[in-house]
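S.K.: Just passing along the structure, written as structure tokens.
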Amino acid sequence: MEEYILENDLRLIYKHTDSELSSICISLNAGAGVENEKFGVAHATEHMVYKGTINRTEREINEELSTIFGFNNAMTNYPYVIYYGTLLGEDLQKGVEILSDIIINPEFGENGFKEEMNVIKEELKEWDEEIDQYCEDNLFFNCFSNRRIKYPIIGTQDGLEKITLDDIKMFHNKYYFPGNTSIVIISSVKFEMIKEIICNYFALWKKRNIIQEEINKLSNKNLIEYEKPQLGTYKNIRDGIRACKVEMIFPIDDLSEKEIKALRIFNQYFGEGINSILYDVLRTQNGLVYDVLTKILNENYIKLYKITFSTAEENVNKAISLIEGCIAKLDSLEKRFNSEHIEHLIKSFKLKTLFREEQSIILAKELATYDSMFGDYKIYINEIKEVESLTKEMIFEVGSKVLKNFTTQIIGRA
């Protein structure tokens, strides 16, 4: 892994691969989490940069991207926005040139704005069609008062109606600048050539002189305030579903980097896959669910551990009670836990992580977004490298700490 910081403060991170494919991810600390009033402006900006630049029409952008990229996309999350894709190494320079033009030189035309806002409003109507998304959105809305994640990334109907083209221009001007940008490239093209390509298309991007307070707000995760979710159980009704959907969330914003590593190993034992405690209790022993899923959301502005499952309405209370029972038995579970278990869990964690990273675009995305969120892509690399030092006491201590307080959302049938 090699890195290079341009004079305008843009950071380039490079990893060599022998593949003929190259992957690129450009991540900016410009997600929905930085929004204040008009929710949805970050996502709208991501859409608008594709509507045309000072050098290309929207049609030309679409044609050129589809010609050289096997995969390309953009995505807005709460902590970041990314522009990423995979292409042949021989086309990497052209791909970088197109993406740089989109990000640096958007035209922001009035006609394109009206069209795209209509598209986004239609997208909002379909946002909650998936029951998982509907459940999580209801949970966040019900249990938070002030956090940005109370509302969807895409925004709200009221917020979208109020967004103007000037709002998007202001957002782009404020958050799209080199010092707020990390670029990861995974390629067989030599690093010196990669540096030359990036400098050719990004070095003239004007450095923004911002005061230290603004830099801290953009880069220091410790300055993000995390309102705790209100404890309790919420229930909403939805037509047309056959089973109830349940999501339970547990705050993890006060965990250290080492504790997050311990939580990842604990999750392998407690909730990940068919050998987990939750799967064994909920499905194997009681037949209440088809599957139970857990996820660690360590992204800035989110910081939650979640458990989700579907079950018949008459089984909801029993399933939740069984999960509570698993949490209550952590002390006894720890006593039966040994070094062999830890070795197995660490091996499983590494295997799953490395398997995902076989797709270079996934690795590029993880490295770029970690660099945006935490100011250091090595945090991602170290999550897999330093887990051997974890003890069973630390693993279960973190598990008990996280699972102490939770909030539950139930989506029931009408």
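The values are calculated or read from the model by the stated rules, or taken from the named source; none is laboratory data. Small disclaimer: the values here were computed from a predicted structure and weren't measured. Cβ coordinates were reconstructed from backbone atoms using ideal geometry, including for glycine residues, and neighbour counts include every protein chain displayed. For the accessible areas, the whole protein counts, side chains as well, though only heavy atoms, and no ligand, DNA or RNA atoms are used. Shrake-Rupley method; radii C 1.70, N 1.55, O 1.52, S 1.80 Å.
S.K.: List every residue whose amide H lies under 5 Å from the amide H of Thr233, counting only residues 5 or more places away in sequence or on a different chain, with H placed 1.01 Å from N in the peptide plane.
M.R.: The list, which skips near neighbours in sequence, is Thr408.
S.K.: Name the residues whose placed amide hydrogens come within less than 5 Å of the amide hydrogen of Gly70, ignoring near sequence neighbours (fewer than 5 apart) on the same chain.
M.R.: Thr86, Leu87, Leu88
S.K.: Measuring with a 1.4 Å probe in the full set of protein chains, what accessible area per residue, in whole Å², belongs to the chain?
M.R.: 48
S.K.: How large is ³J(HN,Hα), in whole Hz, for each residue of region 398-413 in order, when computed from phi with the Karplus curve 6.51 cos²θ - 1.76 cosθ + 1.60 and θ = phi - 60°, using x for Gly and Pro?
M.R.: After applying 6.51 cos²θ - 1.76 cosθ + 1.60, I find 5, x, 5, 4, 6, 7, 5, 10, 8, 10, 10, 10, 10, 9, x, 7 Hz.
S.K.: In Å and whole numbers, how far do the C-alpha atoms of region 216-340 stretch along each principal axis, longest first?
M.R.: In descending order, the Cα extents are 49, 46, 21 Å.
S.K.: Okay, moving on. Given points 7 Å out from each Cα along the Cα-Cβ axis, report the Ser400 to Asn105 separation in nanometres with one decimal.
M.R.: For Ser400 paired with Asn105, the spin-label model returns 6.1 nm.
S.K.: Still on this structure, I have one more. Please give me the summed charge of the neighbours of Val387: other residues whose Cβ is under 9 Å from its Cβ, Lys and Arg +1, Asp and Glu -1.
M.R.: Combined, the nearby Lys, Arg, Asp and Glu give +1.
S.K.: May I ask you to order 301-314, 282-295 by the average number of other C-beta atoms within 10 Å around their residues, highest value first?
M.R.: 301-314, 282-295
S.K.: Further question: What 222 nm value per residue comes from the helices of the chain, counting each DSSP H run with n ≥ 4 as -39,500 (n - 2.57) and dividing by all residues, nearest 500 deg cm²/dmol? Walk me through the intermediate numbers first.
M.R.: On the way: 16 runs with 185 residues, N = 414.
Result for the chain: -13500 deg cm²/dmol, rounded to the nearest 500.
S.K.: Once phi is turned into ³J(HN,Hα) by the Karplus curve 6.51 cos²θ - 1.76 cosθ + 1.60 with θ = phi - 60°, what whole-Hz value does each residue of region 8-16 show in order, with x for glycine and proline?
M.R.: Values per residue, Gly and Pro as x: 8, 5, 5, 9, 10, 10, 10, 9, 7 Hz.
S.K.: Roughly how far apart, in whole Å, are the Cα centres of region 126-151 and region 321-357?
M.R.: Here the answer is 29 Å between Cα centres.
S.K.: Per residue of region 163-173, in order, report the coupling 6.51 cos²θ - 1.76 cosθ + 1.60 (Karplus, θ = phi - 60°) as ³J(HN,Hα) in whole Hz, putting x for Gly and Pro.
M.R.: Each residue of region 163-173 in turn: 5, 10, 4, 4, 4, 5, 4, 5, 5, 4, 5 Hz.
S.K.: Further, regarding this structure: Of the accessible area of region 279-414, with the probe set at 1.4 angstrom, what percent is carbon plus sulfur?
M.R.: Details: 3340 of 6680 Å².
That share works out to 50 percent.
S.K.: Still on this structure: Relative to the longest principal axis of the C-alpha atoms of the chain, give the angle of the C-alpha long axis of helix 58-68, reported between 0 and 90° and rounded to the nearest 10°.
M.R.: For 58-68 against the chain, the angle is about 70 degrees.
S.K.: Determine, from the Cβ-Cβ distance of Ile68 and Phe355 and an R0 of 22 Å, the FRET efficiency 1/(1 + (r/R0)^6), rounded to the nearest 0.05.
M.R.: Once rounded, the FRET efficiency stands at 0.20.
S.K.: Another question, if that's okay. Please list, in chain and number order, the residues 5+ apart from Leu297 or on another chain whose amide H is under 5 Å from its amide H, with Hs placed from the backbone.
M.R.: Under 5 Å from the amide H of Leu297: Leu304, Tyr305, Lys306.
S.K.: Please state, to two decimals, what the Cα-based radius of gyration of the chain comes to when divided by 2.2 N^0.38 Å (N = residues).
M.R.: Values: Rg = 22.5 Å, N = 414, 2.2 N^0.38 = 21.7 Å.
In units of the 2.2 N^0.38 Å rule of thumb, it is 1.04.
S.K.: Would you work out what percent of the accessible area of region 52-124, with all protein chains in place, is carbon or sulfur (probe 1.4 Å)?
M.R.: Ligands and nucleic acids excluded, carbon and sulfur give 44 percent.
S.K.: Can you flag which of Lys121/Lys303; Lys261/Lys329; Lys38/Lys174; Lys352/Lys401; Lys329/Lys401 are past 19 Å Cα-Cα?
M.R.: In this structure, Lys121/Lys303; Lys261/Lys329; Lys352/Lys401 exceed 19 Å between Cα atoms.
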